[in-house]
Amino acid sequence: MKQLTRRALGPLALASSVATFVMGYFITPPDKVQGELARLVYIHPAQAWVALYLSFGAATIASALYLWPRTRSMVADRVAASAVEVSTLFIGLTLLTGSIWGRPTWGVWWVWDARLTSTAVLGVLMLGYLALRRANDDPQVRAKRSAVFAILTAVNIPIIHFSVMWWTTLHQGATVFTENRHLKIHGSMAWTLLLSFIAFSLDFAWMVRARYRIADREAGQRDVELDAALMARRTESAS
Amino acid sequence: MRLVLLVAQKDLLIERRSRVLLWQVAPFGLMTLVLCGLAVGPNASTQAKLAPGLFYIVLTLVALLVINRASQLESSRGTATSVQILSIDPGAVFLGKALAMFVQLSIVGTALLAGTTVLLHVPLHAAIVTLPVLLLATATLSLAGVLYGRIAASSTNAGTLLPALALPAFAPVLIAGERAFSSLIASGPLARWVWLLGVALAAYACVGLLLYGALEES
Amino acid sequence: MAVASLSDVVVTTGSFPLLSGVNLTLESATTYVITGPNGAGKTSLLRLLAGLEVPSRGRGTVLGFDICSTERRELRRYVGWLGHETSFYPDLSPTENLLFAARTTGADVDLIPSALERVGLTHRAKVSLKLLSAGQQRRLSLAWLLVRRPQLWLLDEPFASLDDEGRDLTSQLIKAAQSSGATVVLTSHGALPAETNATSIVIVGGRIVESAT
C-alpha cells in the first residue's frame, strides 16, 4: 500500500495539475466582473493554502517532533527543512500571482494589505530559516536551532497577522462562501477551485517527498564519508 | 529568581565595565535618528508625523546591536565552556539575560525618545505618556532578542545572520509601538496595541522558558 | 569502582571524526594522563568526559550519567574543568568571576579568598581578567577548582603557559586532589613532573592505542 501510494503520488499530482489547468483555462467561463483575470482564483488561493498552512504546518509539526526527546530523529529535521523549502517557493508564487491580480484590480503591483504583508514577512522568515541552515555545518546543531526557529516563527505568525491586520486591510473578501456560508461561485468554477486545492496539495506532497529523498541521500553520503574518515582515522591509530 | 538576578547582575556589570552601550550603541542610535531627520526633510510637521515610526525603527536597529553584544559575551570558546560547566538552569539564564538587556534597552530607548522629542518635534506630553508602552516594547524585544541571539550565536557569520532572523520577527513590535505612539499623539485607539505587545511578550517568555535549554545544548 | 565507561564512542564535527571509537574505563581515585600527537583527540576526549561533546555513535557513562542523553547537563555539575583558553568573563575581575560561578552553583563563597591566595592571585584579585597573563588566567581556573571541589578533575594541558612556580603549584593541587579521592584526568604533550603518579593513556587518530600504569 505504502509502495503504491509512493508510486502514485507523482502521476496523481501531475494529472490533477493538468486537469486544473484544462478546467481553469478552457472549461470554466470568465467572471462577470473580473473577466479572464478571475482565472487566477484557480491558482492563487490554493498556492496560499499550501504556502501558509500545509507546508508551514508540516514544518512546525516536524520541528516540534524533533525537539521532543522521545520523537527526536533526523527524519523529522529533514521533513521540516524540505517543507520550509517548498513553503518558501509557494510563498514566492503566492506573492507573484497576488501581484499579477493586484495590478489591474488595485492599480499597483504592491499594497500594504494585511494578508499580503504578513505573507511577505513570513517569506522573509522562511529565507532566514534557510540561511540559518546554511550557517551551521554540524547536522545536530543545525537541526536543533532550525527547529527552535521554526517553532518561534509558528508562535509569531498569529502575532504578525493580527498586527498587520489591525494596521490596515485591503484584501479581497471571502471568495468562495458568503457570510451565511452559502457558495458564492457555482458549477464548474466551484469544482475547479476544489480541484486546484487538491492538485496543489498533491504537488506539495510530491515536492516535499522529492526534497526529502535528496536530503536523505545527502545524509547517506555524509555517513559514507564519515565511515571513510573513520577508517582513515583508525588507520592513523593503527600505524 | 535568585539565579535570574545573578545572571542579569553579571551582564550589567560587564556592561558597566566595557561601556559599549554608552560609547558605541547610544551614539549609533542618536546618529541614526539624526540621519532619519535628514532623510525626511526639514518640514517640522512631516518630521512630527513620521517621528513614531522613525523612533521605533531606530530602537529596533539599536536592539540588534545590544542583542549581538549580549550574545558575544559567551561566544569565546573558553568562556562558553566555563559557563557550560557551571550548568546554570537555562530558564534562569534566559530570563536573566533578557532582564539585563531590558535594562540596557530601556535606558537607550528613553534617551532616544528624548532625542526624538527634540529633533523630530514630538509633543512632550505624548513622549512622556508613551514611556510605559516603550518599556513594554523593549521587554518584548529583550525576550525575543535573547532567543534570536542564541540561535544565531556561534554560526558562520553570526553578525549578519542575526538581523536576517530577528528583524522580520520584530515587525509586530515595530507596528504596535509605532501605532501606540501615534495614537498618543493624535488620540487614536491604544488598548489593542498594548494588548498585542503583551501577548507577544507572553509568547516569547513561554517559548524561551521551554526551548532555551535546547538552544544551549546546541 | 568505574568513574567513566566508554564503549566505541565516536564524536564528529561535520564529517570529521574527532574520536573514532573510544573504549575506555576510568577507575575512581586515580590519576590519568592522556598523551598523543597534535590532533589525536586528547581535548575532545576530555570534553566528552566533561559532558561537553555529544557522541554520534557508541555509548558511555561518566559519574553514572549517560553522556548520550540530556543527563550530560547534570554531569557537568560534578566536573572541574581547566581548559586551554581564557575561562570566565574577561571584563570581570577574578573575584567577580569566582563569586558569580560560586553563587550560581551553590559553592561556598567563603573559600574564594583562600583559593585566590593559594594560587597566588590575591594581589590581582580585583583587576580585569583581560589584564592578566595567560598563566595567571590558568591559575584562576585552578582557584575555581579549589572552590568547586569536583569529583572529577579534567585538566587540558595544565602545565602549559605556567612558570616553574605555577607548575609546582599545579602539581601540588593535583596531588591534593588525588589524596582527597578525586579522579584526575589530564592531557599532556611533554613530560609530567616526576611526582605525578599517573596511569598513561595514549591516543592516536581518535582512538586509545595504549593504557598502562
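Rule-based calculations on the coordinates, nothing more; no lab input. Computed from a predicted structure; not experimentally measured. Note that each Cβ is placed from the backbone with ideal geometry, even for glycine, and that neighbours are counted across all protein chains shown.
In this label model, A:ALA190 and A:GLN34 are separated by 1.8 nm, measuring between points 7 Å along each Cα→Cβ vector. Label-to-label distance for C:SER7 and A:THR168 is 6.6 nm, based on points extended 7 Å past Cα in the beta-carbon direction. The relative contact order of chain B, computed from alpha carbon pairs under 8 Å that lie at least 6 residues apart in sequence, is 27 percent. Backbone amide hydrogens, once placed in the peptide plane, bring C:THR31 within less than 5 Å of C:VAL184, C:THR199, excluding anything fewer than 5 places away on its chain. Listed by Cβ neighbour count within 10 Å, with the fewest neighbours leading, C:MET1, B:MET101, A:MET23 appear as C:MET1, A:MET23, B:MET101.
In segment C:1-60, the alpha-carbon atoms span a convex hull of 77 Å³ per residue. Coupling constants for segment B:194-210 follow from the phi torsions by the Karplus curve (6.51 cos²θ - 1.76 cosθ + 1.60, θ = phi - 60°), and in residue order they are 5, 4, 4, 4, x, 5, 4, 4, 5, 4, 5, 4, 5, 4, x, 5, 6 Hz; glycine and proline get x. Quick one: what does P(r) look like for segment C:1-120 with 10 Å bins over all Cα pairs, in whole %? Distribution as computed: 12, 36, 31, 19, 2 percent. Across all C-alpha atoms in segment B:2-216, the radius of gyration and Dmax reach 17.4, 57 Å. Rounded, prolate or oblate: which fits the protein assembly as shown, taking a ≥ b ≥ c as square roots of the Cα gyration tensor eigenvalues, rounded meaning a/c under 1.5, else prolate when a/b beats b/c? Note, shape of the protein assembly as shown comes out oblate. Helical content of chain A, expressed as a calculated mean residue ellipticity at 222 nm, amounts to -26000 deg cm²/dmol (DSSP H runs of 4 or more residues, -39,500 (n - 2.57) each, divided by residue number, nearest 500).
When the Gaussian network model of chain C links Cα atoms closer than 10 Å, the mean-square fluctuations of C:THR187, C:THR35, C:THR25 top out at C:THR25. For every other residue with a beta carbon closer than 15 angstrom to the beta carbon of B:VAL173, add +1 if it is Lys or Arg and -1 if Asp or Glu, then tell me the sum. Counting the neighbours of B:VAL173, the net charge comes to +1. Alpha-carbon geometry of segment B:95-190: the Rg and the Dmax are 14.9, 46 Å, given in that order. Derived scalar couplings between HN and Hα for segment C:158-171 equal x, 9, 6, 6, 10, 7, 4, 4, x, 5, 4, 4, 4, 4 Hz in order, rounded to whole Hz, by the Karplus curve 6.51 cos²θ - 1.76 cosθ + 1.60 (θ = phi - 60°), x for Gly and Pro. Hand me the chymotrypsin sites (Phe, Trp or Tyr not before Pro) from segment A:66-134 located in a DSSP loop with no more than 12 other Cβ atoms within 10 Å, in residue order please. Filter output for segment A:66-134: A:TRP109, A:TRP112. With the helix formula -39500 (n - 2.57) applied to DSSP H stretches of n ≥ 4, chain C reaches a computed 222 nm mean residue ellipticity of -9000 deg cm²/dmol.
Our compactness index for segment C:88-149, the C-alpha radius of gyration over the empirical 2.2 N^0.38 Å, is 0.96.
Each part reduced to its alpha carbon centroid, segment B:195-218 and segment A:197-226 end up 31 Å apart. How much net charge surrounds C:ASP163 when only other residues with a Cβ under 14 Å from its Cβ are counted (Lys, Arg +1; Asp, Glu -1)? Neighbourhood net charge equals 0. Taking the Cα centre of the protein assembly as shown as reference, the dipole from Cβ charges on Lys and Arg (+1) and Asp and Glu (-1) amounts to some 1140 debye. Pairs of lysines in the protein assembly as shown whose Cα atoms sit within less than 26 Å of one another amount to 8, provided the residues are eight or more positions apart or on different chains. Entry note, chain B: the mean residue ellipticity at 222 nm calculated from DSSP H runs of n ≥ 4, each adding -39500 (n - 2.57), is -29000 deg cm²/dmol after division by the residues and rounding to the nearest 500.
When B:ARG77, C:ARG72 are arranged by Cβ crowding within 10 Å, least crowded first, meaning fewest neighbours, the order is B:ARG77, C:ARG72.
Scanning residues 5 or more positions from C:ALA4 or on other chains, those with amide H under 5 Å from its amide H are C:LEU26, C:LEU63, with H placed 1.01 Å from N in the peptide plane.
Normalised by residue number, the volume inside the convex hull of the Cα atoms of segment A:9-238 is 149 Å³ per residue.
Enter the mean projected area of the convex hull around the alpha-carbon atoms of chain C, in nm², rounded to one decimal. Walk me through the numbers before you get to the answer.
Working: hull surface 45.6 nm².
That works out to 11.4 nm².
Size descriptors for segment C:31-88, from the alpha-carbon set: Rg then Dmax equal 12.0, 32 Å. Amide H contacts of C:VAL109 (H built 1.01 Å from N, in plane; Pro and chain starts excluded): no residue 5 or more places away or on another chain comes under 5 Å.
With angles folded into 0 to 90 degrees, how steeply does helix B:90-119 sit against the dominant principal axis of chain B? Use alpha carbons for both and round to 10. Rounded to the nearest ten degrees, it is 20. Across segment B:19-36, rounded Karplus estimates of 3J(HN,Hα) from the backbone phi angles (6.51 cos²θ - 1.76 cosθ + 1.60, θ = phi - 60°) give 6, 5, 4, 6, 9, 10, 6, 4, x, 4, x, 5, 5, 5, 4, 5, 4, 4 Hz, Gly and Pro being marked x. Summing charges over all other residues whose Cβ lies under 11 Å from the Cβ of C:LEU131, with Lys and Arg as +1 and Asp and Glu as -1, gives +2.
Paramagnetic label reach from A:ALA15 (point 7 Å along Cα→Cβ; backbone nitrogen cut-off under 17 Å): within segment A:199-222, residues A:199-206.
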